[in-house]
1. As a footprinting exposure proxy, order 79, 28 by other Cβ within 10 Å, with the fewest listed first.
2. Sorted by packing (mean other beta-carbon atoms within 10 Å per residue), highest first, where do 33-41, 54-62, 68-76 land?
3. Under the classification rounded if a/c is under 1.5, otherwise prolate if a/b is larger than b/c and oblate if not, where does the range 14-68 fall, given a ≥ b ≥ c as square roots of the Cα gyration tensor eigenvalues?
4. Take residue 9 and residue 78, extend 7 Å from each Cα along the Cα→Cβ direction, and tell me the distance between the two endpoints in nm.
5. Sort 51, 124 by Cβ crowding within 10 Å, fewest neighbours at the top.
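Read the figures in this text as sums done on the coordinates, not as results from a lab. What you see is a predicted model; the values in this text were computed from it and never measured. As a convention, Cβ positions derive from the backbone with ideal geometry for all residues, glycine included, and neighbour counts pool all protein chains shown.
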């Protein structure tokens, strides 16, 4: 009898840098999270994280002919979501992006809070790196909360 089994899921989607591609990716990540028994609230938050990562990649790191790569890895302990752009837009180097994340944002600012408030607020880890061939790689991790059998 097998008491548990090691769940590992890895998905990699390369898509044209067009905002219309984001809704099905959000839904895909949500369904992966539910299938892998993440808390429903966390699964909803993951949709917002995917939305923010993909929107930023398209807006700041892409041109209409660019591609964006979204990778999702999930196992019994956590989910990692990685987004890569090609760096053909109004790209900032990773160091500047990290500095902006650490700066205080004024309450009246209508933009520029997504990575800091959404991604950092919902995820346990975030790393931002310059890609050798151009663009940024943003990797986030959400650790699975320990749940009781009835939760």
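1. Values: 79 25, 28 16.
Exposure proxy ranking, most exposed first: 28, 79.
2. Numbers: 33-41: 15.2, 54-62: 21.2, 68-76: 18.6.
Highest-to-lowest ranking by the protection proxy: 54-62, 68-76, 33-41.
3. Numbers: a/c = 3.51, a/b = 2.39, b/c = 1.47.
Verdict is prolate for the range 14-68.
4. 1.8
5. Working: 51 18, 124 12.
The order, fewest Cβ neighbours first, is 124, 51.
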